[in-house]
Amino acid sequence: MSHEVRAVVARSKGAPVSVETILVPDPGPGEALVRVQACGVCHTDLHYREGAIGEDFPYLLGHEAAGVVEAVGEDVTDVVPGDFVILNWRAVCGRCRACRRGQPWYCFDTHNARQRMTLKDGTELAPALGIGAFAEKTLVAAGQCTKVPQVRPEAAGLLGCGLMAGLGAALNTAPVSRGQSVAVIGCGGVGDAAIAGARLAGAARIIAVDIDDRKLALAQTFGATHTVNSRDTDPVTAIRELTGGHGADVVIDAVGRPETYQQAFHARDLAGTVVLVGVPTPDMKLELPLLDVFGRGGALKSSWYGDCLPSRDFPMLVDLYRQGRLDLDAFVTETIALDEVEKAFEKMHSGEVLRSVVVF
C-alpha cells in the first residue's frame, strides 16, 4: 500500500521547487513511516535544488525534521508507532571500521530506506540526505528516527541538521572547555548554534564575527560576549586584542570560505584549535604557509554534522531545552506552509531569517 501525500520536489537544476503529490510506500524491514510535523528550511536543501550536491533529480527536499512514527517494518525495535522522533541522516551501521573502533559518529556505512518514494507517474525521487521531509509523510530507515520526549516540533526538528552542526562543532569537535576563549566566524543559524554550544560548555569569552550588525546583535542573545564586524575591522587583529594579544583558544569557521578559514587560522592562539563547520564548494582551494601550520601547533579539524551521535546527543539537547538552558525556539524565525518553501529560500539567501520552518 502507498500513501498519497503532498511534498516539495526539485525537478531540475536551478528551477523553482513545486508542491506535488507523491507516493510513499508502507515500511519494509528496517524502515519507518513518519508523519512529519515540522521541517526546517536548510541551506543544504537549496544546494540540492541548485545541483551543488548531485544531479540525481528529481529531489524530494527537506531533512531537518521532527514528527511521529506512524508505522514500522519488520525487525524494528527501537521505535514504535506513536513515538515522537527527530529525523537524522546518520543511521549508524554498527559494523564498519569506525563503529568497531568506538567512533560511530564517523560511521562509513549509514543507512537509508531501501524502498524509494515516487511521483505519481512512478518516477523515483532522491530524498535529500536520505530523508525527504518536506512531505506530509516520509519513509526512512528506522535508525534515522531518534526518539525524544514530546516537545515543540518546530524547535526539535532543527537539531536534525543545522543546529546540531553548530552545537556539535563546539561541544564535540573542538571540544570547548570551561574558561576558554572562543571566536565564531559567521553568525547564521549554524554559527549561532556554535555560540550557544560554547556557552553551554562554559567558555569565558565568546567572540562573534560577521559582516552584518543585525546578525551580531542576535548572536549576543545566544551567548556572544563580544562582537566584531569584519566588514569594518580586521577580525584577526580584533580577536587578538580581545584575547590579550594571543588569539582565541578555539576558532570556529561557520562560513566555509578560504578567506574565513585563513582568518580563523591566524586568529587562534598557539596550540589553539580551528574547527571548520561551514561547507565549502568543490572549487574552493586553501593556501596556508606550511611553516605556520607546523609552528603554531594545535589542531585543524573539520566538523561533519557536529560529530554527533543522534542517539546520544538529541535526547541530551532536548533535555537542556526542556530545562530552559538551550533556547531552541529562538532559532525559529517564522513558521510557514509547504507551498512557501521557495520564498523561504529567498529569505534565507538574503539573511532575513535564521530558520523558516514548515509546519504541517
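The values are calculated or read from the model by the stated rules, or taken from the named source; none is laboratory data. A quick note: this is a predicted structure, and the numbers were derived from the prediction, not measured. Cβ atoms come from the backbone with ideal geometry, glycine included; neighbour counts cover every protein chain shown. Accessible surface is based on the protein model in full, side chains and every heavy atom, while ligands, DNA and RNA are left aside. Shrake-Rupley method; radii C 1.70, N 1.55, O 1.52, S 1.80 Å.
Being assigned to a strand (DSSP E or B), more than 15 Å from the chain's Cα centre (by Cα) and hydroxyl-bearing (Ser, Thr, Tyr) is a description that does not apply to residue 110.
Residue-wise test of (1) among the aromatic types (Phe, Trp, Tyr); (2) part of a strand (DSSP E or B); (3) surrounded by fewer than 15 Cβ atoms within 10 Å (Cβ to Cβ).
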site	(1), (2), (3)
318	no, no, no
321	yes, no, no
329	no, no, yes
344	no, no, no
353	no, no, no
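A single entry from 270, 276 fulfils the requirement of being touching a helix residue (DSSP H, G or I) at 6+ places or on another chain (Cβ under 8 Å) and open to solvent by 40 Å² or more (accessible area, probe 1.4 Å): 270. Return yes when residue 72 is touching a residue at least 60 places away in the same chain (Cβ under 8 Å), within 24 Å of the chain's Cα centre (by Cα) and open to solvent by 30 Å² or more (accessible area, probe 1.4 Å) and no when it is not. In short, no. Scanning the range 174-200 for residues that are out of contact with any Phe, Trp or Tyr (no Cβ under 9 Å at 6 or more places or on another chain) and open to solvent by 20 Å² or more (accessible area, probe 1.4 Å) turns up 175, 177, 178, 179, 180, 188, 190, 200. For the range 78-93, the set of residues classified as open to solvent by less than 50 Å² (accessible area, probe 1.4 Å), of a type outside the set (Phe, Trp, Tyr) and either more than 24 Å from residue 165 (Cα to Cα) or in a loop (DSSP other than H, G, I, E, B) (or both) consists of 79, 83, 88, 90, 91, 93, listed by residue number.
For every residue, the table says whether it meets (1) without any contact (Cβ under 8 Å) to a residue 24 or more places away in the chain; (2) assigned to a helix (DSSP H, G or I); (3) more than 20 Å from the chain's Cα centre (by Cα).
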position: 236; (1), (2), (3): no, yes, yes
position: 240; (1), (2), (3): no, yes, yes
position: 256; (1), (2), (3): no, no, no
position: 261; (1), (2), (3): no, yes, no
position: 274; (1), (2), (3): no, no, no
position: 288; (1), (2), (3): no, no, yes
position: 294; (1), (2), (3): yes, yes, yes
position: 311; (1), (2), (3): no, yes, no
position: 325; (1), (2), (3): no, no, no
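Does residue 256 satisfy the condition of being touching a Pro at 6+ places or on another chain (Cβ under 9 Å) and open to solvent by less than 60 Å² (accessible area, probe 1.4 Å)? When the stated conditions are applied, residue 256 passes them. Residues in the range 9-25: is at least one small (Gly, Ala, Ser), closer than 22 Å to residue 331 by Cα and buried (at least 18 other Cβ atoms within 10 Å of the Cβ)? Checked the range 9-25: no residue is small (Gly, Ala, Ser), closer than 22 Å to residue 331 by Cα and buried (at least 18 other Cβ atoms within 10 Å of the Cβ). You will find that of 86, 22, 53, the residue that is β-branched (Val, Ile, Thr) and at pLDDT below 95 is 53 and no other.
Yes or no, residue by residue, for (1) under 27 Å from residue 254 (Cβ atoms); (2) open to solvent by 60 Å² or more (accessible area, probe 1.4 Å):
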position: 33; (1), (2): no, no
position: 43; (1), (2): yes, yes
position: 58; (1), (2): no, no
position: 76; (1), (2): no, no
position: 110; (1), (2): yes, no
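Taking the criterion of being surrounded by fewer than 14 Cβ atoms within 10 Å (Cβ to Cβ), out of contact with any Lys or Arg (no Cβ under 9 Å at 6 or more places or on another chain) and touching a residue at least 12 places away in the same chain (Cβ under 8 Å), the only residue of the range 94-108 that qualifies is 95. Annotation note: Cβ proximity below 7 Å between a residue of the range 1-19 that is more than 11 Å from residue 134 (Cα to Cα) and a residue that is part of a loop (DSSP other than H, G, I, E, B) and modelled with pLDDT under 95 (sequence gap 6+ or interchain) occurs for 13/50; 13/51; 14/50; 14/51. Answer yes or no: is there a residue in the range 48-55 that is in a loop (DSSP other than H, G, I, E, B) and free of Cβ contacts under 8 Å to residues at least 12 places away in the same chain. Taking every residue of the range 48-55 in turn, at least one turns out to be in a loop (DSSP other than H, G, I, E, B) and free of Cβ contacts under 8 Å to residues at least 12 places away in the same chain.
Against the test of being among the aromatic types (Phe, Trp, Tyr) and out of contact with any strand residue (DSSP E or B) (no Cβ under 6 Å at 6 or more places or on another chain), the options 265, 331 yield a single qualifying residue, 331.
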